[in-house]
Every structure is written in structure tokens, then in C-alpha cells.
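Undergrad: Attaching a single structure in C-alpha cells format; questions to follow.
The values are calculated or read from the model by the stated rules, or taken from the named source; none is laboratory data. Note that this is a predicted model, so its numbers are computed, not measured. Heads up, the Cβs are rebuilt from the backbone with ideal geometry, glycines too, and the neighbour counts pull from every protein chain shown.
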Amino acid sequence: MIGVALAVALGGAVGSVLRFLSASWVAAQWPRHFYLGTFTVNIIGCLLIGLLSGLFLLRSDLPIELRSGLIIGLLGGFTTFSSFSLELFKLFENGRTYEALAYLLCSVLGGVAAVWAGISLARLYQ
């Protein structure tokens, strides 16, 4: 159990730093659209969680430390649903209703589509 907890902690640290770097880079490129950094990491994270989940279904022999470290730790630290919720609230609060609705729809539908794509990619290896 300690090994799994350490793998999750290490993965979470790496994922959080990757989220910070990715979101900062995107925000620097498009400052008015501050939410695009979170959107980008959420879509990438959803794709990766789908892909890894699909691959781990095929390879249940892989160590639980590896699977937990990547799914719970790395991708849990990388994706940012709570940040997404706060940014969505701010868009609505600032009267940017159409932009907020587009962000909501694209994030949710894009995330589900990315998970589907990741699992579909993993199934190609069956």
C-alpha cells in the first residue's frame, strides 16, 4: 500500500507541474482567453486517461503502482476540473455568457469524445 501511495504522490507532483507549465504557456499565447490552458490540459488528460485505461484493461499484469501512479497520480494532478469550474463561473459572472456556454459544451463534449478516442486507440492493440 505504501508503494501505491508513493507512486500516486510522485505522479501527482509531476502531473501538477506539467499542468502549470502547459496552462501557463497557453495563457501566455492567448491572454484574453485565459481558460484555454485549462481546456487544453483537460482534453489531453481525458484522451490519456481513456488510452491508459484501455491499455491497462488489456495488460492487467502491469504493477498496480504503475497503473495508480499514472491514472490517479499523474493524470489526477494534470487535469483541472476544479479550475475549469472556477473559470466557467468567472466567465458567467463577467457577462461573457456565450463564451461560457461554448467553453462548457466544448469541454464536456470534447472530454467525453477524447476518452472515447483514447479507448478506441487502445482497442486497436487487441
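Undergrad: Go through the residues of the stretch 56-65 one by one and say whether even a single one is assigned to a helix (DSSP H, G or I), out of contact with any Cys (no Cβ under 6 Å at 6 or more places or on another chain) and at pLDDT 95 or above. Spell out how you get there, then give the answer.
TA: In the first step, residues of the stretch 56-65 are kept if they are assigned to a helix (DSSP H, G or I); the result is 56-58, 64-65.
Remaining after also requiring out of contact with any Cys (no Cβ under 6 Å at 6 or more places or on another chain): 56-58, 64-65.
Next, only the ones that are at pLDDT 95 or above stay: 64-65.
Yes, the stretch 56-65 has at least one match.
Undergrad: Just checking, which of Ala100, Ala117 is touching a Lys or Arg at 6+ places or on another chain (Cβ under 9 Å), closer than 20 Å to Phe39 by Cα and either in contact (Cβ under 8 Å) with a residue 12 or more places away in the chain or among the aliphatic types (A, V, I, L, M) (or both)? If you could, list the steps in order and put the result at the bottom.
TA: Working: Ala117 fails: touching a Lys or Arg at 6+ places or on another chain (Cβ under 9 Å).
After applying the criteria, what remains is Ala100.
Undergrad: For the subset of the stretch 9-26 comprising residues that are surrounded by 20 or more Cβ atoms within 10 Å (Cβ to Cβ) and over 13 Å from Ile71 (Cα atoms), which member is nearest to the chain's Cα centre (by Cα)? So that I can check it myself, show each step before the final result.
TA: First pass over the stretch 9-26, keeping only residues surrounded by 20 or more Cβ atoms within 10 Å (Cβ to Cβ): 11, 15, 19, 23.
Narrowing the set further to residues that are over 13 Å from Ile71 (Cα atoms) leaves 19, 23.
Numbers: Arg19: 9, Ala23: 11 Å.
Result: Arg19.
Residue-by-condition table, conditions (1) assigned to a helix (DSSP H, G or I); (2) hydroxyl-bearing (Ser, Thr, Tyr); (3) buried (at least 16 other Cβ atoms within 10 Å of the Cβ); (4) modelled with pLDDT of 95 or more:
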| site | (1), (2), (3), (4) |
| --- | --- |
| Ala7 | yes, no, yes, yes |
| Ala28 | yes, no, no, no |
| Ser53 | yes, yes, yes, no |
| Gly76 | yes, no, yes, no |
| Lys90 | yes, no, no, no |
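Undergrad: Let me ask something else about it. Considering only residues of the stretch 78-87 that are touching a residue at least 40 places away in the same chain (Cβ under 8 Å) and within 19 Å of Val112 (Cα to Cα), which is nearest to the chain's Cα centre (by Cα)?
TA: The first filter runs over the stretch 78-87 and keeps only residues touching a residue at least 40 places away in the same chain (Cβ under 8 Å), leaving 78-80, 83-84, 87.
Keeping just the survivors that are within 19 Å of Val112 (Cα to Cα) gives 78-80, 83-84.
Values: Phe78: 5, Thr79: 3, Thr80: 6, Ser83: 11, Phe84: 11 Å.
Only one residue tops the list, namely Thr79.
Undergrad: Find the residue count for the stretch 72-92, including only residues that are aromatic (Phe, Trp, Tyr) and more than 20 Å from Leu18 (Cα to Cα).
TA: The total comes to 2.
Undergrad: Then there is this: Taking Arg32 as meeting all but one of (1) surrounded by fewer than 17 Cβ atoms within 10 Å (Cβ to Cβ); (2) touching a Cys at 6+ places or on another chain (Cβ under 9 Å); (3) of a type outside the set (Asp, Glu), write down the number of the exception.
TA: (2)
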